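The values are calculated or read from the model by the stated rules, or taken from the named source; none is laboratory data. This one's a predicted model, so the numbers in the text were calculated from it and none came from an experiment. Cβ: placed from backbone, ideal geometry, glycine included. Neighbour counts: every protein chain shown. Just the protein is used for accessible areas: all its heavy atoms, side chains included, with ligands, DNA and RNA removed. Shrake-Rupley method; radii C 1.70, N 1.55, O 1.52, S 1.80 Å.
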Amino acid sequence: MRNSEIAALFREMANLLEIQGGDAFRIRSYEQAARTLEEMTEQVALLAGEGKKLTDLPGIGKSHAEKIEEILKTGTCARLEELRKALPPGITELLRLKGVGPKKVKVLWERLKISTLEQLKAAAEAGKIRGLPGMGEKTEEHILKSLKTVAAQAGRISIHEAVEIVGELGRYLDLQKKIIKRWTVAGSFRRRVETVGDLDVLIEAADRAAATEAIGGFAGLAEITERGPEKLEAALKGGFQVDFRFFEAENFGAALQYFTGSKAHGIACRKIAQQKKLKLNEYGLFRGEKSVAGRNEEEIYEKLGLEFVPPELREDRGEVEAAAAGKLPELIELADIRGDLHAHTKETDGHDTIAAMAEAARQRGYQYLAITDHSQSLTVARGMDEKRLDKHAEAVRKVGAGLKDFMLLAGIEVDILKDGRLDLAESALKELDWVIASVHSYFEQSEAAMTERIVRAVSSGAVHCLGHPFGRLIGQRDPLVFDVDKVFAACKKHSVALEINSHPDRLDLPDVYCQRAKEMGLKMVISTDAHRTLDLGLIEHGVWVARRGWLSKSDVLNTATAAAFRKAIARS
DNA sequence: GCCGTTTTCGGCCCGACTGTTTTCAGTCG
């Protein structure tokens, strides 16, 4: 059983326990265990199989370790079944509704035997919710409204969509300069998490009433759902939620630190504050009543005895300890990227010509670009056979020869076939400057078969880079299942780099695996998989993933100058 | 239920808003 599946069971236990009114700290321990399972890069089944101590994992003690073992053996555990017996399956669905928490779910179940969203809708429409303890007409209205939002919205949006929303909102807020002195987006958006559930916008304004008015004038806004002197909750057209919070200049840094999160990072920081007899909240860092920091984030971290932690690292994955020891990595930046190593043209499924792609890369200030069209078995993309490849490579070299101070690499994205062979003759591939190997078919193979398949491909001697290693499409297709250690070790042995594919639907390698690969001494490349000139701009998404994965400039091959890069990939 | 440079017991982050109350519980971030 996979970590994510076990984690889901722990979350279910946490939710059921919460509805039953269990101890809050115990509930949190189940959630913490789920989080650990979701974020770890090793499969816990493997660790258990090797007899490793699961209690060494953060948030996993004796009791949770036993539950995990039990789940691995039987698919469930006694505690979960016991909880499920007391409450109907699926009742935790109700917790998805805004304004409906464990206490209300409990009342709904005990009084009206409501356990599904459908039943709740019927009861609310029939006016049966009002009159329940702690609930009135407003609660009923809110439930009906929230049911609509849940139905209409899948929930989280991609960071790419979020960037567009922030752009639009930001242009509007900038026009309100006289009223809104400063605004900035905190939350998961600022941490550049791959998907974003809502936006947290911090506002500095002398006249909050006027600022509220101004925000209400934003054309993209559907309605303001909550308004107080400190905060404003709004829904955009399309249902996406944006929270606005007001702060003064002397608190702004503390607010930014607090609302950037993550929750776990914030808790870790507040614990450190406690140890130093300080109190950290969204208004500042306090000794007793006296504020010792708050105007900017830098001074807060400094007073906590920590290096400044870049937002992308704030996930409580070791960054607080590293910051305390002064050992945070110097993260890669967008400006470090000197070339793109994955681009398609009209020859297969791209939209632009070789020359257009090269020119666009040059315009970005790059020193090089690899043209990497598809191979024959990807028929939907009109993939090339050896003959076409030969001609195409020649065309690429010809365009490249006409470019001054720019290196155009003739490459390919070759399919890794079902059995791990490459889709084109190795002799043909070895003529090329840059070879990416990718899985585009048979995603459902067993772990053993998939591992062997990829290991065989990267061991061929013809491959420079493993393209979008996990093959996932966020929210659409699950990642491939293979033995990460074995595949990474094979890549290391054969000097094959791992691609961080910057496409917002992929973001693959995922951040936690960047960290793992780095620890194993592997090199990464950040590429866009561009299918048109405009796509080259997606590179920033890959850089964000790399930053979230603790990568420095030196971990990423395409930060090298053209000359150094060519040397690095030269075939022996 | 977890965890330990004040601890193997007694802690466990902190504040705002809403609705239903008549002083606060529930929910959220």
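For this structure, a couple of remarks:
- Contact map, region A:327-343: first residue over 17 Å from residue A:498 (Cβ atoms) and modelled with pLDDT under 95, second residue surrounded by 19 or more Cβ atoms within 10 Å (Cβ to Cβ) and among the β-branched types (Val, Ile, Thr), Cβ cut-off under 7 Å, separation 6 or more or different chains; pairs are A:328/A:309.
Residues checked against (1) assigned to a helix (DSSP H, G or I); (2) closer than 20 Å to residue A:327 by Cα; (3) β-branched (Val, Ile, Thr):
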residue: A:539; (1), (2), (3): yes, no, yes
residue: A:546; (1), (2), (3): yes, yes, no
residue: A:566; (1), (2), (3): yes, no, no
residue: A:571; (1), (2), (3): no, no, no
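- For region A:57-111, a residue qualifies if it is more than 30 Å from residue A:40 (Cβ to Cβ), outside any loop (DSSP other than H, G, I, E, B), open to solvent by 40 Å² or more (accessible area, probe 1.4 Å) and within 10 Å of DNA strand B (Cβ to nearest atom), and the qualifying residues are A:103, A:104, A:106.
- Count of residues meeting criterion [in contact with a Leu (Cβ under 6 Å, 6 or more places away or on another chain) and either open to solvent by 10 Å² or more (accessible area, probe 1.4 Å) or near DNA strand B (Cβ under 6 Å from one of its atoms) (or both)] in region A:257-291: 4
- Region A:256-269 residues that are more than 18 Å from residue A:199 (Cα to Cα), paired with ones that are near DNA strand B (Cβ under 10 Å from one of its atoms) (beta carbon under 8 Å, 6 or more apart): A:269/A:280
- Residue tally, condition modelled with pLDDT of 85 or more and more than 13 Å from DNA strand B (Cβ to nearest atom), over region A:5-39: 8
- Selection over region A:483-503 of residues that are open to solvent by less than 10 Å² (accessible area, probe 1.4 Å) and in contact (Cβ under 8 Å) with a residue 60 or more places away in the chain gives a count of 3.
- Considering region A:112-125, the residues that are crowded, with 18+ Cβ neighbours inside 10 Å and in a loop (DSSP other than H, G, I, E, B) include one that is farthest from DNA strand B (Cβ to nearest atom), namely A:115.
- Of the criteria (1) within 14 Å of DNA strand B (Cβ to nearest atom); (2) farther than 24 Å from residue A:158 by Cα, which one residue A:181 fails: (1)
- Residues that are open to solvent by less than 10 Å² (accessible area, probe 1.4 Å) and closer than 17 Å to residue A:570 by Cβ, drawn from region A:407-431: A:409, A:410, A:411, A:429
- Unmet criterion (only one of (1) near DNA strand B (Cβ under 8 Å from one of its atoms); (2) open to solvent by less than 10 Å² (accessible area, probe 1.4 Å); (3) in contact (Cβ under 8 Å) with a residue 60 or more places away in the chain) for residue A:252: (1)
- For region A:429-450, the set of residues classified as part of a loop (DSSP other than H, G, I, E, B) and charged (D, E, K, R) consists of A:430, A:431, A:433, A:444, listed by residue number.
- Some residue of region A:452-463 being in contact (Cβ under 8 Å) with a residue 12 or more places away in the chain, open to solvent by 10 Å² or more (accessible area, probe 1.4 Å), within 28 Å of residue A:40 (Cα to Cα) and of a type in the set (A, V, I, L, M, F, W, C): yes
- Residues within region A:126-148 that are more than 11 Å from DNA strand B (Cβ to nearest atom), surrounded by 14 or more Cβ atoms within 10 Å (Cβ to Cβ) and either of a type in the set (Phe, Trp, Tyr) or within 19 Å of residue A:197 (Cα to Cα) (or both), tallied: 1
- Sole exception among (1) assigned by TED's automatic domain parsing to the domain that holds residue A:553; (2) open to solvent by less than 20 Å² (accessible area, probe 1.4 Å); (3) touching a Lys or Arg at 6+ places or on another chain (Cβ under 6 Å) for residue A:352, by number: (2)
- Any pair with Cβ under 6 angstrom, 6 or more apart, that starts in region A:227-241 at a residue that is modelled with pLDDT of 85 or more and open to solvent by 40 Å² or more (accessible area, probe 1.4 Å) and ends at one that is within 12 Å of DNA strand B (Cβ to nearest atom) and of a type in the set (Gly, Ala, Ser): A:241/A:235
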